[in-house]
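To start, the structure itself, in structure tokens.
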Amino acid sequence: MSNQVSPFSSIISPGFWQKFAELVLQQKAVTSRIPIWGYYGPSSTKLSIFTVDHTSFDEYPATYYNQLSVKGEIISTSSLEEFKNLDKNSLIGEYLCLENTEKKPESLKTFFILSYPDLKSYTFTYWFAFPAISSIKFSYMSPSPVPESLLPVFEASKEIWKFGFFLVDLTTCTLKPLEENTGSEIFGYLEPSGIDSVPGWVIRNYLAYIIKARKLQSGDEIKLLSLLPKKSEFSESRIYLIKLEFPDDWESHPKILGWERNENKLLPRMVDLKSNLDPVTLSESFVDFNLKLMKWRLFPEFDLDLMHEVKVCILGAGTLGCNVARTLMGWGVRHISIVDSGKVSYSNPVRQSLYTYKDSGKGKAITAADSLKNIFPGVEAKGYDIHIPMPGHPTSPSTVEKVKQDFHTLEELIKTHDVIFLLTDTRESRWAPTMLGAAYDKIVINAALGFDSYVVLRHGRSTEDLGCYFCTDVVVPGDSTQDRTLDQQCTVTRPGVSMIAASLAVELMAAVLHVGKGLSKNPTLGAPPHSLRGWLSSSQHISPMFARFTNCSGCSEKVVGAYKDEGIELILRVLGDSSYLEILSGLDKLKEGLEGIVELDDTEESD
Amino acid sequence: MIEFSGLLTWEDFQSAISEVEKLSRTLGDNWGINYYQQNTPGGSYLSYIRYIELENNLLKCEYHIIYSLSYSVPVMYFNISYPNGKLLSVTEVCQYLKKSVSEVSQQEHPLLQVPFFCLHPCNTDEIMKSLSIAHHNSPLKYLVSWLSLVTQVLNIPLPNEYGVLLNH
């Protein structure tokens, strides 16, 4: 008795897991059983393929060409332990009930999947089972071709053989369903096996049914028609002579088998679908894909890895800060730190694009960071609620400790980030970051707004003779807020100006980062200008360049040197007395010099 | 309509895929129409499934010919998955097809809303224009010519018998 069968090989469509994940999430299932459809048909390879896909969970099975449907279940456990500890033998025995089979032949073909869906990690442990009786032994002999007269009948009676098991009446050349068994017909079935003379798995239960239906004895022989549709022909089908052998107790000890083998071992399988199903992973890959399109089609020197790795620190989470942060995410930037000591006020959300009115009263830095994560979960955004020390704003004994702490945090942020955006609302608050940016040679991009105008500029790096925000000033930064009226304290600007400046600032950063990447003679993003200035009402936009100022209160060697020597002590001194900066930078001497020149005697006459 | 623009209308696409399906049945092939959103333009597509053996694995390849409303041309969407249901990644697909990442893009399937690969349609009208003598005024010939091109790119077997439709 050769007894060989070709077992089913399961093939799962990605859509199956997607649907299953949705259902499990909705039902918040504890152990549950969901009815599903499976499909099999004639084989075009050496394997007998059994498939499940997204239609498996529908009420009615899909009609695929030459495929028949099988009713089954997917059982999900709520833990891996439960999956492992379930009694596999009794589970598979439960699915096959011979008495039922006689009355309802559908149960001849049955299957189930035992699964453990882990929807936190999107991994699915699963095990297919095709319950079948193995206590009957058989051998396939004497294959003979199907009589020619029968061939057109198959094409015409598709509905009957599509059930999978049917009767063939050779005398009338017709097909009949199993229920119409009179004893003279041949049993037929759709052959899922692709190997000659080796039947598919379905034969096992079918033989049990046949033995009962015809009341056969061990040693009897019967004819079986193995239907093999190939293209739209059936001529490869065969009629076999089957010899059967089975013990007396084959019904009470059916020896039910059917767990699918995994590389020849009786083990479950596991699939990790994080990259296919996890929405966060999907969002990251789609965002990246979009950026890569830019690289392939228009901007070959684009360095997406650089954008992923660059660490950006945004000082000021107002109109400029919010818009810069969003545009950075558009470029694929993933590390964004935001500094602001303020709270969201009712007037903010309309202009500051990371807040909604529900955020009013909350701390800006942290709210902005959370908002970024809501827009794109793959971003690492962190908010820092600290005060930036400002010249001319003295400390008091009660505040000095906090000032020191905040300064150290600021120092660390600037040291550990690659690009610093200065987007605060006063001139003096830009002083300390300018000096720190120069001390640690970081890329510093400054943006400031007027009612109708904007300036965006990048501070000169150590190798460049380009100036910073303070290089064009002979006045040191001091307390500018003291005597200002309310409308002077917050920058009142045309709403569009801040978006323009924020966009220009980010594009400037992108151009700076890509300088020197291939195509340097003709960089796609253009050579980064030093500064950009524009006026909306006159539609003017210019890009001036200016040199570093040796007596700059922000970036000159003298000032930076003093910081490197004294650290926080310098800061504390400057906070109390901004004129100290004049002395340090040499601006005081410069002014004296100028005064000398300016004092012309008006009364002198030329001779 | 087709001679100069290289484009196809939705109605013409529908009738063309219907003819392909009919022929496919007689040849015993499994090109079939999926009426996903029956009455919406662009809502039905021609699908084909085959299995390929790659390094001891049997991979399922699913191909959908979908009509693009924005480009007015047919577009080939496809997915290749392992038996356990996991999709091949972009790199794996490119390796298997020996194509570069710029020719094959991963997008959202316009009807099923799940990730699918597609052959980008932006040059289809140019290519079909250059073949315009061959499919002069016939949407069916257009589709079959187009099909013969994309099936070649993706190594899908398209028997010569389909050429019969070119003489319709």
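If you take every DSSP beta bridge fully contained in the protein assembly as shown, what fraction is antiparallel? Give it as a percent rounded to 5.
Close to 75 percent.
Starting from 0 in steps of 10 Å, tell me what percent of the Cα-Cα pairs of the protein assembly as shown lands in each bin.
Per 10 Å bin, starting at zero, the Cα-Cα P(r) for the protein assembly as shown comes out as 2, 11, 16, 16, 14, 12, 10, 8, 6, 4, 2, 1, 0, 0, 0 percent.
What Kirkwood hydrodynamic radius, in Å, does region A:95-192 give when the mean of 1/r is taken over all pairs of distinct Cα atoms and then inverted?
In region A:95-192 this quantity evaluates to 16.6 Å.
Straight distance only, please: which aspartates and glutamates reach the Cα of A:LYS120 with their own Cα at less than 12 Å, same-chain residues fewer than 8 apart left out?
Within the straight-line cut-off, A:LYS120 pairs with A:ASP272, A:ASP278.
Across region A:271-379, how many lysine pairs, 8 or more apart or on two chains, come within less than 30 Å at their alpha-carbon atoms?
Total qualifying Lys-Lys pairs in region A:271-379 comes to 20.
Alpha carbons only, please: Rg and Dmax for region B:37-168, in angstrom.
15.3, 46
Where in region A:250-283 are there trypsin sites (Lys or Arg not before Pro) that are in a DSSP coil and have at most 14 other Cβ atoms within 10 angstrom of their Cβ?
Qualifying residues, ordered by number: A:LYS255, A:ARG261.
Using per-residue counts of other Cβ atoms within 10 Å, averaged over each peptide, order A:443-449, A:193-199 from highest down.
The packing order, highest mean first, is A:443-449, A:193-199.
Residues of B:25-32, mean number of Cβ from any other protein chain within 10 Å of their own Cβ, rounded to a whole number?
4
What's the average, rounded to a whole number, of partner chain beta-carbon atoms within 10 Å of each residue's beta-carbon in B:83-93?
6
Region B:1-96: which chymotrypsin sites (Phe, Trp or Tyr not before Pro) are DSSP loop and have at most 13 other beta-carbon atoms within 10 angstrom?
For chymotrypsin sites (Phe, Trp or Tyr not before Pro) across region B:1-96 that sit outside H, G, I, E and B with at most 13 neighbouring Cβ atoms in 10 Å, the list reads B:TYR35.
Going toward the positive end of the dipole of the protein assembly as shown, with +1 on Lys and Arg Cβ and -1 on Asp and Glu Cβ, which of A:CYS468, B:TRP146, A:PHE112 do you reach last?
Sorting the options by dipole projection puts first A:PHE112.
How many times 2.2 N^0.38 Å is the alpha carbon radius of gyration of region A:253-409?
Region A:253-409 yields a ratio of 1.60.
Can you pull the mean other chain C-beta count within 10 Å for peptide A:7-17?
Mean shielding by partner chains, rounded to a whole number: 5.
Any idea what angle helix B:10-27 forms with the longest principal axis of chain B, computed on alpha-carbon atoms, 0 to 90 degrees, nearest 10?
Rounded to the nearest ten degrees, it is 70.
For chain A, find the longest principal axis of its Cα atoms and tell me its angle to the long axis of helix A:279-297, 0 to 90°, nearest 10.
Between helix and principal axis, roughly 70 degrees.
Which whole-Hz ³J(HN,Hα) couplings does region A:409-421 yield from phi under the Karplus relation 6.51 cos²θ - 1.76 cosθ + 1.60, θ = phi - 60°, glycine and proline marked x?
5, 4, 4, 4, 4, 5, 4, 8, 10, 9, 10, 10, 9
Computed from the coordinates by the stated procedures, all read-outs in this text should not be read as laboratory data. Being a predicted model, the structure only gives us computed values, none of them experimental. Here the Cβ is made from the backbone with ideal geometry for all residues, glycine too, and neighbour counts use every protein chain on show.
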